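Student: Please see the structure below; I have some questions.
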Amino acid sequence: MSKTLIVYYSRKGENYVNGSIRNLSKGNTEVIAEMIADLTGGDLFEVETVKTYPADYYACIDEAKAELRQGARPELKAYPDSLDGYDTIFVGYPNWWGTMPMAMFTFLEHYDWSGKTICPFCTNEGSGMGSSERDLKKVCAGATVEKSLSIHGAEAVQSRDRVETWVKSAV
């Protein structure tokens, strides 16, 4: 029987929510990732960088923009030993400057995605998936990338019905 993995990057602390800065004890992407794990029985893996991003939201987005421009690949704290045994992998992230955070590129470039099915999900404050689907297809050559789910971050906690409908259509 195939197993499901939910890989995600999420930002706790200061976040932009409906036009203002709010302090979140749990990042929006993590909220959605946990819903998917609950619905699928899948394993969760949080992508974490070695270097912590600034606590200040605006300083963080400035750093994220610089990383994007440089094509940076931030060092990660850990990786799953293997993706063997996982056929379906949900990949989640916030939309940072029109795509995934550079840490997600670091993670994705670490593996061979041949034969895997990727179900991308993204939290954002109105920018949707940006170019992340195209970027995923490029980085994860050999994988089948399913229809994505874009969730307005401010509505993450109230999105279980949308997430459940999407998960059922994706797997």
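The values are calculated or read from the model by the stated rules, or taken from the named source; none is laboratory data. None of these values were measured; they are calculated from a predicted model. As a convention, Cβ positions derive from the backbone with ideal geometry for all residues, glycine included, and neighbour counts pool all protein chains shown. Just so you know, the surface numbers come from the protein's heavy atoms only, side chains and all, with ligands and any DNA or RNA stripped out. Shrake-Rupley method; radii C 1.70, N 1.55, O 1.52, S 1.80 Å.
Student: Check whether at least one residue in region 47-63 is within 23 Å of R160 (Cα to Cα) and of a type outside the set (S, T, N, Q), and report yes or no.
Tutor: yes
Student: A follow-up question, please. What about A37, is it among the small types (G, A, S), assigned to a helix (DSSP H, G or I), surrounded by fewer than 21 Cβ atoms within 10 Å (Cβ to Cβ) and in contact (Cβ under 8 Å) with a residue 24 or more places away in the chain?
Tutor: Values: among the small types (G, A, S): yes; assigned to a helix (DSSP H, G or I): yes; surrounded by fewer than 21 Cβ atoms within 10 Å (Cβ to Cβ): yes; in contact (Cβ under 8 Å) with a residue 24 or more places away in the chain: yes.
It is true that A37 is among the small types (G, A, S), assigned to a helix (DSSP H, G or I), surrounded by fewer than 21 Cβ atoms within 10 Å (Cβ to Cβ) and in contact (Cβ under 8 Å) with a residue 24 or more places away in the chain.
Student: May I pose another question? Which ones in region 1-36 are hydroxyl-bearing (S, T, Y), closer than 25 Å to I118 by Cβ and modelled with pLDDT under 95? Please lay out each step first, then the result.
Tutor: Initially, region 1-36 is screened for residues hydroxyl-bearing (S, T, Y), giving 2, 4, 8-10, 16, 20, 25, 29.
Now restrict to residues that are closer than 25 Å to I118 by Cβ: 2, 4, 8-10, 29.
S2, the sole residue that qualifies.
Student: Could you check how many residues of region 141-171 are polar (S, T, N, Q), modelled with pLDDT of 95 or more and outside any strand (DSSP E or B)?
Tutor: So the count comes out to 4.
Student: Would region 119-135 turn up any residue that is over 25 Å from I61 (Cα atoms), open to solvent by less than 20 Å² (accessible area, probe 1.4 Å) and outside any loop (DSSP other than H, G, I, E, B)? Reasoning before the result, please.
Tutor: First, the residues of region 119-135 that are over 25 Å from I61 (Cα atoms): 119.
Filter again for open to solvent by less than 20 Å² (accessible area, probe 1.4 Å), leaving 119.
Within this subset, residues satisfying the condition of being outside any loop (DSSP other than H, G, I, E, B) are 119.
Taking every residue of region 119-135 in turn, at least one turns out to be over 25 Å from I61 (Cα atoms), open to solvent by less than 20 Å² (accessible area, probe 1.4 Å) and outside any loop (DSSP other than H, G, I, E, B).
Yes/no per residue for (1) open to solvent by 60 Å² or more (accessible area, probe 1.4 Å); (2) out of contact with any helix residue (DSSP H, G or I) (no Cβ under 9 Å at 6 or more places or on another chain); (3) outside any loop (DSSP other than H, G, I, E, B):
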residue	(1), (2), (3)
V7	no, no, yes
L68	yes, no, yes
D81	yes, yes, no
I89	no, yes, yes
T106	no, yes, yes
D112	yes, yes, no
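Student: With L76, L39, L44, L108 as the choices, which residue is touching a Ser or Thr at 6+ places or on another chain (Cβ under 9 Å) and modelled with pLDDT of 95 or more?
Tutor: Working: L39 fails: touching a Ser or Thr at 6+ places or on another chain (Cβ under 9 Å); L44 fails: touching a Ser or Thr at 6+ places or on another chain (Cβ under 9 Å); L108 fails: touching a Ser or Thr at 6+ places or on another chain (Cβ under 9 Å).
Within the list L76, L39, L44, L108, the selection yields L76.
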